[in-house]
Amino acid sequence: MTTNTTTVAPPGAPEGAPRAGRRPALRRDGRYASIFLAPSLGGLALFTLFPTAMALGISLFDWPVFGTRSFLGFGNYSHLLHDPVFRRVVLNTVLFVVLYVPLNVVVSLGLAVWLGPQIKGRQVFRVLFFIPVMTPMVANVMVWRLLFQPGGLIDGGLQSWFGIDAPNFLGSSNWAMPAIVAMSIWQGFGYNFLVFSAAIDQVPQSQLESAQIDGAGPLQRFRYITWPMITPSMFFATTMTLITSFQVFAQPFILTQGGPGVATQTIVMYVYNQGWQFLTMGLASAAGWVLFVIIMGITAIQFFGQKRWVNYDV
Amino acid sequence: MKATPVRAHRWALKTGMAALSVLALTTVAACGGSNDGSSGSSGAADKADLTWSFWVAGAEDQAAWQKVADQAHTDHAGITVKLQGAPWDSYWSKIGTTLASGKAPCIIGMQSLRMASYANAMVPLDDLMKKYGMKAEDFDKPIMDGLKADGKQIAIPYDSGPMVIFYNKDMFKAAGVPDPKPGWTMDEFKAAAKKLTAAGKTGLVTTPGDLGTMSWVRTMTGAEPLADGKLNLTDSKFEQGFSQYADFVKTDKIAPQVPGGNPDFETQQFTGGKAAMQLNGPWSLIDTKGKVKFNLGIAPIPAGPDGSKTYTAGSGFGIARSCKTPDAAFQAIMSMTTEKPLTTLAEAGRAYPSRTAAHPAWFTAAKIDGAKETIDYASEHSVPLVTSKNWVQVADLLNRFGTQALNGEIPPDQALKTIQDQAGAGS
């Protein structure tokens, strides 16, 4: 839009001298741009920036929904820092991310490579693997709860076939988080599978074939041809998965309600409980800001780090 | 391929915004925190269009409750009540902020266990009761008391009920265990439960819900969760009672291990015929009877050293402080809790009515032998469960750490200490 011939300086004009023809055009462009951007920026300011700033303000207060509000300064943040439950909640969230993200990427990439262009009927598999992504999370979780609970399908099956009890997956502190991760991977890998699958389809067959003729094995072909070409997709998938996994809520909320104890409570659940259940908005806002800072920090690190491994030249 | 990184940027931006929206939601709620504002109603004492916020389970439920609301219009031609229904969970998510914003509907549904949190935002009804001649003695006393805060009546109940044992008569018969009678003891209960625990089935099913847990503790040692309005879970009598309750799962193994986060587990196990007994309220009795394929019986909670002791809970209707026509709203509530609508609800098997005059209709609908004898006995031996202002948090913590205590992951007294530490300050 801004490529305009009037922006070229007249011959012989001294460097840095005012360019008489440029300013009105720029101003005009700026005006149009402002008009087009206004609805979007207005929405951003009203529904995102203002509430974000407001939440920062609220986080500095003891802000019960009922009763008197009082200024605490960084009191809510200090409370979070010293609260063993919140520390455990942060740890749980990190544990979920550390387990979920690599496993999700490995499963989805593995299946995408396995169901390569040479496989017949791969479209059917693509649809099948994507179904859990499209199904409402609540429905998915309800089914998994019937699998996991005492007397459920797993427990019942083990008892009738082998006469042994299954672990109490959702009631045991050791098993609850792995159970949530397993359910989440089943539910979520289909999305990354599609992303990787589309990226792999773009790798030129001619290059793979010539590498094969030159004696490269399947692992070498993947390592030196496929992998560099899919790194932008890999970057996209890992960034997205990381961000969404830090925000995990529905799975533990419905499957275990954060229990037993606080073994599966995550930061967003903590925010929800403090804000909507216990009506302490100040603490909820402070916890929300802690999550926001963590996500922004990690996303920034990923963006800076991508230069080292993401290949945009192919 | 080239487009992917750009998409990644966009998606990252979008998701960053999603992170912000967590904060945004919090803030939008808090923005409504001013105390001025107006109600959605208008009119005088005998003329008003009122809105009633209440929990409903679906379209059929909504229609049944709208009929209750219509009673107000039948009794007072100038008053109309429009039901604004929401599912149980979202009702409680919204009602706090709506009340605090001063824009709540005039008539509010209120549950006795949660009332302490919201009482400040509601109108005390004692003067209105006097003014319009509503008699407290026409209602079950425990639930009238349960809907009081600091001695003031905050809501008028429509249902009530003491916690009682639901049992599977067929399983009792097959195991050769006699049907329990009012006055049965804890030893008799345990002996029956042990005999019924066999072949993958258990004598009891329990989860650490607030009402159930507190009832078990009360019958075992008489301990109550609050002392002088403050949470008192680390009291030695409460610890002792809770420990004995946890033993049902942990050491006696008369109940299955508790899964985390499934509030329906008890009902699923009981109605599925996998457990012979559960502790439940009369409000669930007729619904449970419709679901099960066995003969259903009820009995009072077993007697501990000082006899059978249980808790009563129930729900009712109150008036938001922001309501500009409290007189009209009160007259509407009076109509909605008269014998006629409560009898209609009872005949439909919905709730055990709070008004004693409507009880016979409910027992007729229930068609369960000994139901009247049991519920009358349990009512006499019950008190309302008085809760703290942060009871929702207490119940949440009890559910989390109680599960660990019952499953034997942590000692019961440690669970109680954690709950007390986390919630004690806010009680």
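R0 = 41 Å: FRET efficiency of B:Asp421 with A:Val143, Cβ-based, nearest 0.05? If you can, show how the numbers build up before the last one.
Numbers: r = 36 Å, r/R0 = 0.89.
It comes to 0.65.
Please give the FRET efficiency for B:Glu60 paired with B:Lys135, using the beta carbon to beta carbon distance and R0 = 41 Å, rounded to the nearest 0.05.
Details: r = 33 Å, r/R0 = 0.80.
Using R0 = 41 Å, I get an efficiency of 0.80.
Between B:Ala276 and residues 5 or more places away or on another chain, which pairs have amide H atoms under 5 Å apart, with H built 1.01 Å from N, and which residues are they?
Excluding prolines and chain starts, which carry no amide H, the hits are B:Thr202, B:Gly203, B:Leu204.
To the nearest 20 debye, what is the magnitude of the charge dipole of segment B:322-410 about its Cα centre, counting +1 on the Cβ of each Lys and Arg and -1 on the Cβ of each Asp and Glu? Let's see the in-between values first.
Details: 8 positive and 9 negative charges, 67 e Å.
The dipole of segment B:322-410 has a size of about 320 debye.
Long-range amide H contacts for A:Gly151: which residues qualify at under 5 Å (H placed 1.01 Å from N, peptide plane, sequence gap of 5 or more or a different chain)?
So A:Gly151 has HN proximity to A:Gly156.
Please get the size of the charge dipole for segment A:75-309, origin at its Cα centre, with Cβ charges of +1 on Lys and Arg and -1 on Asp and Glu, quoted in debye to the nearest 20. Let's see the in-between values first.
Details: 10 positive and 6 negative charges, 62 e Å.
Value, rounded to 20: 300 debye.
Using θ = phi - 60° and the Karplus curve 6.51 cos²θ - 1.76 cosθ + 1.60, what whole-Hz ³J(HN,Hα) does each residue of segment B:267-273 get, with Gly and Pro shown as x?
5, 4, 5, 6, 5, x, x
What is the gain in length, in nm to one decimal, between A:Gln159 and A:Ile131 on full extension, counting 0.36 nm per residue of separation less the C-alpha to C-alpha distance?
On the way: separation 28, 0.36 × 28 = 10.08 nm, distance 3.05 nm.
Taking A:Gln159 through A:Ile131 to full extension adds about 7.0 nm, to one decimal.
Please list, ordered by chain and number, the residues whose modelled amide H lies under 5 Å from the amide H of B:Asp159; skip anything fewer than 5 residues away on the same chain.
Those lying under 5 Å, H to H, from B:Asp159 are B:Ser315, B:Ser354.
Apply the Karplus parameterisation 6.51 cos²θ - 1.76 cosθ + 1.60, with θ equal to phi minus 60°, to every residue of segment B:99-105 and state each ³J(HN,Hα) to the nearest whole Hz, in sequence, with x for glycine and proline.
Per residue, the Karplus-derived 3J(HN,Hα) values read 5, 5, 6, x, 10, 6, x Hz.
Relative to the present Cα-Cα distance, how much length would full extension add between A:Gln123 and A:Leu41 at 0.36 nm per residue of separation?
Details: separation 82, 0.36 × 82 = 29.52 nm, distance 4.02 nm.
That pair, A:Gln123 and A:Leu41, stretches by 25.5 nm at full extension.
State the answer as a single residue: which of A:Ser40, A:Thr280, A:Phe162 lies farthest towards the positive end of the charge dipole of chain A, with beta carbon charges of +1 for Lys and Arg and -1 for Asp and Glu, about the Cα centre.
Result: A:Ser40.
Along segment A:191-208, what does the Karplus equation 6.51 cos²θ - 1.76 cosθ + 1.60 (θ = phi - 60°) give for ³J(HN,Hα), rounded to whole Hz, x for Gly and Pro?
In residue order, the calculated couplings are 5, 5, 4, 5, 4, 5, 4, 5, 5, 5, 4, 7, 6, x, 4, 4, 5, 5 Hz.
Would you work out the charge dipole size for chain B about its Cα centre, treating the Cβ of every Lys and Arg as +1 and the Cβ of every Asp and Glu as -1, and quote it to the nearest 20 debye? Let's see the in-between values first.
Working: 43 positive and 42 negative charges, 269 e Å.
Computed about the Cα centre, the dipole is about 1300 debye.
For A:Ser34 and A:Tyr312, what does the FRET efficiency come to when R0 = 25 Å and r is the distance between their Cβ atoms, rounded to the nearest 0.05? Walk me through the numbers on the way to the answer.
Details: r = 32 Å, r/R0 = 1.29.
Rounded to the nearest 0.05, the efficiency is 0.20.
Explain nothing, just the number: relative contact order of chain B, from Cα pairs under 8 Å at least 6 residues apart, as a whole percent.
On the way: 829 pairs, mean separation 106.5, N = 427.
RCO, chain B: 25 percent.
Just want the ordering: B:Ser315, B:Ser90, from fewest to most Cβ atoms lying within 10 Å of their own Cβ. If you can, show how the numbers build up before the last one.
Values: B:Ser315 24, B:Ser90 11.
Fewest-to-most Cβ neighbours within 10 Å comes out as B:Ser90, B:Ser315.
Please state the relative contact order of chain A as a whole percent: Cα pairs under 8 Å, 6+ residues apart? Don't skip to the answer; put the middle values down first.
Details: 332 pairs, mean separation 79.1, N = 314.
Result for chain A is 25 percent.
Would you tally the net charge around A:Ser34, using a Cβ to Cβ cut-off of less than 14 Å, leaving A:Ser34 out, and scoring K and R as +1, D and E as -1? Kindly include the intermediate steps, with their values, before the conclusion.
Details: positive: A:Arg27, A:Arg28, A:Arg31; negative: A:Asp29.
Its environment carries a net charge of +2.
Read the figures in this text as sums done on the coordinates, not as results from a lab. What you see is a predicted model; the values in this text were computed from it and never measured. Ideal geometry is used to build each Cβ from the backbone, glycine not excepted, and the neighbour counts take in all protein chains shown.
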